[in-house]
Amino acid sequence: MPLYTYKAVNLDGRMVLGRIDALNVIDLEMRLRRMELDLINGEPVSNRSAFGGSGVPRRELIHFCFHLEQLARAGVPILEGLSDLRDSLEHPRFREVVASLIESIEGGQTLSQAMEAQRKVFNKVFISLIRAGEATGQLPEVLHSLSESLKWEDELASQTKKIIMYPAFVGSIVLAATFFLMIYMVPQLKQFVKNMGQVLPMQTQILFFVSDSLVAYWYVVLLLPIIITIVIQVMLRTNPVARVRFDGIKLKLPLIGDILRKIILSRFANTFALLYAAGIPILDSIRTTQDVVGNLVVRQGLERVEQLIGEGQNVTAAFHSIGLFPPLVIRMLRVGESTGALDNALMNVSYFYNRDVKESVEKVQQMIEPMLTVVLGCLLGWIMISVLGPVYDVISKVKT
């Protein structure tokens with residue numbers, strides 16, 4: 001379905017700009033009329049942006065789930081609840097999405113069927129849970145679980161950003177300072193040191209060589225990381241084997257790899273718990289979670305679990321065989337499977353990893369600061385010793 005940009009007027013006479021899917025201009029006008037907007041003009045968008053523009057912030061989805069949950073518990077029909085939500089939304093793209101849901105439901109579809117047409121906003125797990133809630137009559141409970149899960153993911157994302165932002169900021173400052181010293185300061189001191197007639201020590205010769213290389217080939221230093229990044233991205237998109245190896249390397253990185261593994265497994269356990277608690281069969285739940293882990297090595301492990309369970313193994317033995325989960329988690333699954341409360345056991349697994357991720361992030365943050373300080377100190381110390389060493393030698397000989 002084509003995407004149209006439109007200019008319209010609302011009931012208050014205010015101009016409204018936005019984008020919405022429509023078959024043609026007539027369909028566009030009818031869709032906007034259902035949103036209580038009068039079309040002024042509309043044009044199809046030839047190419048959708050490759051860098052997003054159709055996504056919806058996680059906070060909007062949290063508000064969406066909470067709003068529908070409260071109205072559903074109060075006995076308000078879904079259609080009326082979506083209409084109220086549409087009128088209260090400020091995010092233009094999500095307002096269009098909700099309007100599209102309303103139109104699809106008015107056409108006879110269920111909420112989950114209407115969401116199928118908005119896969120860029122509602123992922124496979126979201127739609128599966130809504131479908132299960134509709135089938136079991138527990139839609140308010142499912143919406144509550146989705147809201148809590150989205151809040152957890154939002155908190156997890158903020159913790160992940162903490163690991164990345166501070167080292168990236170400090171590392172950028174260190175690199176900028178080094179670049180400035182090597183290109184501007186060291187060349188000015190180079191001639192002065194050479195004029196002293198001293199035999200330059202090895203560290204000074206290395207410093208001058210690095211400085212001369214940066215001055216002569218500074219554009220290579222700036223372009224090389226960009227070229228390497230592009231080459232790696234192309235390779236990962238076109239070569240599945242390279243993607244698997246790259247994902248495996250990420251899990252083995254010092255400090256970061258262990259946290260990344262815990263974040264992936266935490267996301268898996270939380271999603272698996274939600275799906276199973278909603279009444280979705282184990283094999284379907286595992287198959288659905290394979291799309292959310294975001295790592296091919298873990299995905300292959302889950303595919304192996306699905307295969308083993310399909311061949312008749314129990315859940316505990318299947319998860320134990322892939323070697324991704326620690327013994328404590330395997331023990332939780334064994335207890336949950338033996339007592340018939342696997343959903344509670346999965347929730348405990350999710351809680352275990354969630355707490356472990358928080359503690360690991362705090363530890364890494366505490367370690368990163370002194371590590372960066374030591375790196376910066378060693379770098380500046382090397383430059384100072386390399387430059388001032390020959391000067392000190394000359395002064396010492398003059399005194400003697």
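Quick look at the values:
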item: Segments 364-374, 108-118 sorted - mean Cβ within 10 Å per residue, highest first; result: 108-118, 364-374
item: Ranked Asp87, Asp258, Asp247, criterion: other C-beta atoms within 10 Å, fewest first; result: Asp87, Asp258, Asp247
item: MRE, 222 nm, helices only [DSSP H, n ≥ 4, -39500 (n - 2.57), over the chain, to nearest 500]; result: -25000 deg cm²/dmol
item: Length added when fully stretched, Glu43-Leu236, from 0.36 nm per residue minus Cα-Cα; result: 65.9 nm
item: Residues Leu283, Leu346 arranged by fewest to most Cβ contacts within 10 Å; result: Leu283, Leu346
item: Distance in nm between pseudo-label sites at Ile256 and Thr178 (7 Å out along the Cβ direction from Cα); result: 1.5
item: Span-like helix ranges in the chain, DSSP H, alpha carbon extent 24 angstrom or more, Kyte mean at least 1.0; result: 218-238
item: Option label - Cα Rg over 2.2 N^0.38 Å computed here, alternatives (i) 1.36; (ii) 0.97; (iii) 0.91; result: (i)
item: Cα gyration tensor, the stretch 58-211 - rounded (a/c under 1.5), prolate or oblate; result: prolate
item: Highest to lowest packing among 64-71, 289-296, scored as the average C-beta count within 10 Å; result: 64-71, 289-296
item: Percent RCO, i.e. relative contact order, over the chain, from Cα pairs under 8 Å lying at least 6 residues apart; result: 14
item: Cα-based equivalent ellipsoid of the stretch 221-297: semi-axis lengths in Å, sorted from largest, via gyration tensor; result: 32, 15, 9
item: Mean separation of Cα contacts under 8 Å (6+ apart) over length of the stretch 3-44, as relative contact order %; result: 50
item: Rounded FRET efficiency, nearest 0.05, which uses the C-beta distance separating Asp154 from Ile206 and R0 of 30 Å; result: 0.05
item: Label point distance in nm, Gln365-Glu80, each placed 7 Å from Cα along Cα→Cβ; result: 4.5
item: Amide H contacts of Tyr4 (H built 1.01 Å from N, under 5 Å, at least 5 apart or other chain); result: Ile20, Asp21, Ala22, Val45
item: Relative counts (whole %) of C-alpha pair distances in the stretch 164-400, using bins that are 5 Å wide; result: 1, 5, 10, 12, 11, 10, 9, 8, 7, 6, 5, 5, 4, 3, 2, 1, 0, 0
item: Sorted by Cβ neighbour density within 10 Å, fewest at the top, the residues Met35, Met202, Met384; result: Met202, Met384, Met35
item: Extended-chain gain in nm, criterion 0.36 nm per residue less alpha-carbon gap, Val375 and Gln188; result: 64.9 nm
item: log10 of Debye I(q)/I(0), alpha-carbon scatterers only, for the stretch 170-220 at 0.22, 0.27, 0.32 Å⁻¹; result: -0.83, -1.06, -1.22
item: Taking the stretch 164-400 and dividing mean pair separation by its residue count, relative contact order in percent (alpha carbons under 8 Å, at least six apart); result: 25
item: Range of Cα positions in the stretch 3-44 per principal axis (Å), largest first; result: 27, 16, 12
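Computed from the coordinates by the stated procedures, all read-outs in this text should not be read as laboratory data. Being a predicted model, the structure only gives us computed values, none of them experimental. Note that each Cβ is placed from the backbone with ideal geometry, even for glycine, and that neighbours are counted across all protein chains shown.
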